[in-house]
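Beneath this line is the structure, given in structure tokens, with notes to follow.
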Amino acid sequence: MSANNALHIAVLAGDGIGPEVMAPALEVLRKVEATTDLKFRFTDAPAGANEYLATGKSMPDSTVRLCDEADAILLGACGLPSVRYPDNTEIMPQVELRFHFDLYAGVRPARLIPGVPSPIVGADQRGIDLVVIRESTEGLFASMGKGVVTDTEARETLVITRKTSERLFEFSFRLAERRKARGRPGQLTCVDKANVFKAFAFFREMFDEAAKRHPDVRTDRLYVDACSALLVKRPWDFDVMVMENMFGDILSDMTAGLIGGMGMAPSADIGDTHAVFQPCHGTAPDIMGQGKANPTGMILSAAMMLDWLADKHGLESAAEAAQSIERAVDKAYADGIKPMEFGGGNGTADIAKAVLAAL
């Protein structure tokens, strides 16, 4: 935190609908600033596909420096399907930031907001409130850009390390304990494929070791295929789930689908010193500039940022502000806001206005 106690936030609005959903999230944070003792300093920085087209780099060094110095990083969405590196992979500064700042814990909450449709029968009565924790720097993604392709075969390498896994599990158990203190079950499920791969057996062994250090947390172990089947039948049985990068990439999109889709889903990539907060959705160039984008995931990502800053700096008012943003979102939907992806008529401006009014 800077000398005047303002929290310095690096703002990377990105591409496509990124800037469109970022604007309401910043409005919400400014309203928080006006009604609490919290102070923010926002600094905009370029990153993404448009930056790559203009300069040949996904992020200038000045953006990386800003992210390093800031208290937290708020990211819209980056990349465009039509803009690629020479090896045909997409421009993804959000992934580059994970590796640069060692943001090993990808935190993907999936909470069904009252009034939002879920494809799961009974979810509106039973509720869904779970968190996928996706290891974000290794697993199959450790091979990113390093795969070997010949005429006859392609190989990618999955990497699981003790250093990262032990930190990941400590983070996961702490989150389960915090959720238990807030009235959730506080159960942690390890999701793997330990019956087939040695790497996942190693992953599970380290989970079991961590479980002994946290005897108050109920634990479970599931193979990823069985877990997928249970998630679409009884998602209300899950609380916190921890898994390897690629499994987390897939299951976090699946759990977002259970709560109304990617527009509703916030996320964070957290390390020991830095954290990036962004919605789960992409840049959606097909609806860019039309006022249709749902800013809920971005607004809830800003709430996650406040909760993390509260934990990091001992700021009780930031934790309270995070909860007040969540309550405001709940009220906006309970009062009948219906985004366009649900067949409703409410676009970016309507949703932002409803949340601000509820706040």
Quiz prompt | Which listed pairs, of Lys180/Lys353; Lys233/Lys312; Lys193/Lys312; Lys31/Lys163; Lys180/Lys292; Lys180/Lys312, have C-alpha distances above 29 Å, in listed order | solution = Lys180/Lys353; Lys233/Lys312; Lys193/Lys312; Lys31/Lys163; Lys180/Lys292
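Would you please put 289-302, 55-68 in order of how densely packed they are, using the mean number of other Cβ atoms within 10 angstrom per residue and starting with the highest?
Details: 289-302: 23.9, 55-68: 15.9.
Final packing ranking: 289-302, 55-68.
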Self-check item: Residue-by-residue Karplus 3J(HN,Hα) for region 62-67, coefficients 6.51, -1.76, 1.60, Hz, glycine and proline x
Solution: 5, 5, 5, 5, 4, 4
Quiz item: Counting alpha carbon pairs within less than 8 Å and at least 6 residues apart, what relative contact order, in whole percent, applies to region 172-320?
Solution: 18
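Assigning unit charges at the beta carbon (Lys, Arg +1; Asp, Glu -1) and nothing else, what dipole magnitude in debye, to the nearest 20, does the chain show about its Cα centre?
On the way: 38 positive and 49 negative charges, 155 e Å.
Dipole about the Cα centre, nearest 20: 740 debye.
What percent antiparallel are the DSSP beta bridges of the chain, to the nearest 5?
Numbers: 19 of 46 bridges.
Antiparallel bridges make up about 40 percent of those DSSP assigns within the chain.
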Quiz item: By a straight-distance test (C-alpha under 18 Å), which aspartates and glutamates pair with Lys331 as possible cross-link partners, with residues fewer than eight away in the same chain excluded?
Solution: Glu27, Asp124, Asp129, Glu320, Asp350
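Can you sort Tyr52, Tyr85 so the residue with the fewest Cβ neighbours within 10 Å comes first? Intermediate results must be reported in sequence, preceding the final value.
Numbers: Tyr52 22, Tyr85 12.
With the sparsest Cβ surroundings first, the list reads Tyr85, Tyr52.
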Quiz item: Sorted from largest down, what three extents in whole angstroms do the Cα atoms of region 32-97 have along their principal axes?
Solution: 48, 21, 19
Quiz item: Roughly how many whole Å is it from the C-alpha centroid of region 237-275 to that of region 95-151?
Solution: 3
Quiz item: Can you give the Rg to Rh ratio for the chain, taking only C-alpha atoms and Rh from Kirkwood?
Solution: 0.95
Self-check item: Karplus (6.51, -1.76, 1.60) ³J(HN,Hα), θ = phi - 60°, over region 22-31, in Hz, Gly and Pro reported as x
Solution: 5, 4, x, 4, 5, 4, 4, 5, 5, 5
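So if each residue of separation counts as 0.36 nm, and I subtract the Cα-Cα distance between Ala6 and Glu170, what length gain in nm does that give?
Values: separation 164, 0.36 × 164 = 59.04 nm, distance 2.97 nm.
Roughly 56.1 nm would be gained on extension.
Using only the Cα atoms of region 118-259, construct the convex hull and provide its projected area averaged over every direction, in square nanometres to one decimal. Please report the intermediate quantities before stating the final value.
Details: hull surface 38.6 nm².
Averaging across all directions leaves 9.6 nm² for the Cα convex hull.
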Quiz prompt | GNM top mover of Cys227, Cys78, Cys280 - the chain, alpha-carbon springs below 10 Å | solution = Cys227
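Each reported figure results from applying straightforward, stated rules to the coordinates on display, with no laboratory input. Worth saying up front: this structure is predicted, and the values here are computed from it rather than measured. Methodologically, a virtual Cβ is constructed for each residue, glycine included, from the backbone with ideal geometry; neighbour enumeration extends over all protein chains shown.
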